[in-house]
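Colleague: Would you mind keeping the following structure in view while I ask a few things?
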Amino acid sequence: MDKVIEKKKRPLWQWGAMGLGVAGLLWFMQGMLADAAIRTYRVDAEQLVMSEVTLGAFEDVTPIRGTIQPFTSVFLDAVNGGVVEEVLAEEGSFVEAGQPLLKLSNGDLQLQVASNDTQTTEQLNNLANISNGLETTRLMTERALIDTEYRIKVLERQKQRLEQLLGDNLVSREEYDAISDELAYQKNIHANTMERQVLEERIRKERTLQIAGQTNKLQDNLALALNSFENLLVRAPVAGQLTSLPVEIGESKIRGQRLGQIDVIDQYKIVAQVDEYYVTRVAPGQSARFTLAGQQYQASVLKVYPEITEGTFTVDLIMEGGTPDNLRRGQTLQLDLTLGNPVESLLLPLGGFIQDTGGNWVFVVDAEGNYAVRRDIVTGRRNNRYVEVREGLSSGEKVITSAYSQMGEVERIELAQ
């Protein structure tokens, strides 16, 4: 008779091993599916630039490019129009103040000046005649007073003598009365003449002031007319270098037209263009440095122009500690403009990635150097070498700093060795 053989149960350790195997298989499959879901870009590691995040002093500077310009420039404009008759100086030469530069001719202006000169001279002569007439009247009034006073003295002496003779009945009363009446008459004339002299003197003073004012105006007008004629000979207003004189003999120039430019070369300034990103961080007094012929020089911001053109604004800088001898007008310089004091910060070297991400995210390389994973970061200030990292990275981590133009849509980069 057959015997029933009982099936032996599996040991618990076998069930545990099977469970671990299944769990491992599921974990592996899940990883495979997750990796398949992550957008991955494969690239040769040698084609990328990798930089390490370091802790150091961040120099808050930005590079700018400036042009040497004279600190003071004087423009030459045609005060009066005319035809270029003679050129007396050459472009690029050094001129002294008052030195003739060119000569213009203007026939109409010459006739106008001559006519104004004649009219002004006639008016001045008329005023002089009026002034002479007033003076003559004053002298005539004084002469009348002198005559009247003399006549009064004579009549007073005659009256005194007649009074004695009248008492001795040696003269008639009629003769005595005639002398008395003549004396009274002369005294009235004298009083009237004195009043007339006061009136004439007041009028003479008023007219003299008016004549003096009119004479000064006429003389000023005459001088202005003569000066207009003299302006046909253009002279250097200051000493310096005649950097521009674009004129040709026979060329016609109108009033106000630019004739040339003189640069005062004893002091220069640097005119630089700065990216509008720094418009709120640049102010007068900030320092900058540049290297010329192997020697470093310092400069400071003198003026900031508020207008922004094509993404940049203009600043004027003045050199400190003397001007280098080998500077030339129009020469370009590379400067480092200091925006703030050095601060201990996490530093990430600049690279092409900054244009693609704006500094908002980077690819961080793992410890083994096999992969680089996209990570969001927060950056701060920048200079010509580093960008300041405020959040998202740690010192010692490696970051791909080359351009991300072909990797902007991926989340992970596989680095082929």
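Colleague: Quick one: grab the alpha carbon gyration tensor of the range 244-327, order the square roots of its eigenvalues as a ≥ b ≥ c, and give me rounded if a/c is under 1.5, else prolate or oblate depending on whether a/b is larger than b/c.
Modeller: Working: a/c = 3.07, a/b = 1.55, b/c = 1.98.
Here the range 244-327 falls in the oblate category.
Colleague: Still on this structure: Under the Kirkwood approximation applied to all pairs of distinct alpha-carbon atoms, what is the hydrodynamic radius of the range 118-277 in Å? Mind showing how you got there, number by number?
Modeller: Details: mean 1/r = 0.0418 Å⁻¹.
Answer for the range 118-277: a Kirkwood hydrodynamic radius of 23.9 Å.
Colleague: Then there is this: For Ser394 and Leu292, what does the FRET efficiency come to when R0 = 30 Å and r is the distance between their Cβ atoms, rounded to the nearest 0.05? Mind dumping the intermediate values first?
Modeller: On the way: r = 40 Å, r/R0 = 1.35.
After rounding to 0.05, the efficiency reads 0.15.
Colleague: Something else about it: Residue separation times 0.36 nm, minus the C-alpha to C-alpha distance between Arg235 and Lys205: what's the value? Walk me through the intermediate numbers first.
Modeller: Details: separation 30, 0.36 × 30 = 10.80 nm, distance 4.32 nm.
Full extension of this stretch gives 6.5 nm more.
Colleague: Separate question: With r defined as the distance between the Cβ atoms of Lys217 and Lys303 and R0 fixed at 45 Å, what FRET efficiency is calculated, to the nearest 0.05?
Modeller: Working: r = 42 Å, r/R0 = 0.93.
For R0 = 45 Å, the calculated efficiency reads 0.60.
Colleague: Hey, another quick one. Full-extension gain between Thr40 and Met140, please, as 0.36 nm times their residue separation minus the C-alpha to C-alpha distance. The partial results should precede the final answer.
Modeller: Working: separation 100, 0.36 × 100 = 36.00 nm, distance 12.05 nm.
Using 0.36 nm per residue and subtracting the Cα-Cα distance, I get 24.0 nm.
Colleague: What distance in nm separates the simple spin-label points at Glu276 and Val74, each placed 7 Å from Cα in the Cβ direction?
Modeller: 3.9 nm
Colleague: Would you indicate which of [x] 24.1; [y] 51.8; [z] 21.5 is the value of mean projected area of the Cα convex hull in nm² derived from the coordinates of this structure?
Modeller: Correct label, based on the coordinates given: [y].
Colleague: Here is a follow-up. Note down the nm distance, to one decimal, between modelled labels 7 Å out along Cα→Cβ at Gln119 and at Ser405.
Modeller: 7.4 nm
Colleague: Follow-up question, since we're still on this one. From largest to smallest, what semi-axes in whole angstrom does the range 293-376 give when each is the square root of 5 times an eigenvalue of its alpha carbon gyration tensor? Let's see the in-between values first.
Modeller: Details: eigenvalues 297, 65, 37 Å².
That gives 39, 18, 14 Å for the three semi-axes.
Colleague: Between the helical axis of 173-230 and the dominant principal axis of the chain, each derived from Cα atoms, what acute angle in degrees is found, rounded to the nearest 10?
Modeller: 30 degrees
Colleague: Could you tell me how far the Cα centroid of the range 67-138 sits from the Cα centroid of the range 307-354, in Å?
Modeller: Using only Cα atoms to place each centre, the spacing works out to 47 Å.
Colleague: What is the extension gain from Ala178 to Gln47, computed as 0.36 nm multiplied by their sequence separation minus the C-alpha to C-alpha distance, in nm to one decimal?
Modeller: Values: separation 131, 0.36 × 131 = 47.16 nm, distance 14.03 nm.
Using 0.36 nm per residue and subtracting the Cα-Cα distance, I get 33.1 nm.
Bear in mind that the values in this text are calculations on the coordinates, not laboratory data. Not measured: the values here are computed from a predicted model. Cβ coordinates were reconstructed from backbone atoms using ideal geometry, including for glycine residues, and neighbour counts include every protein chain displayed.
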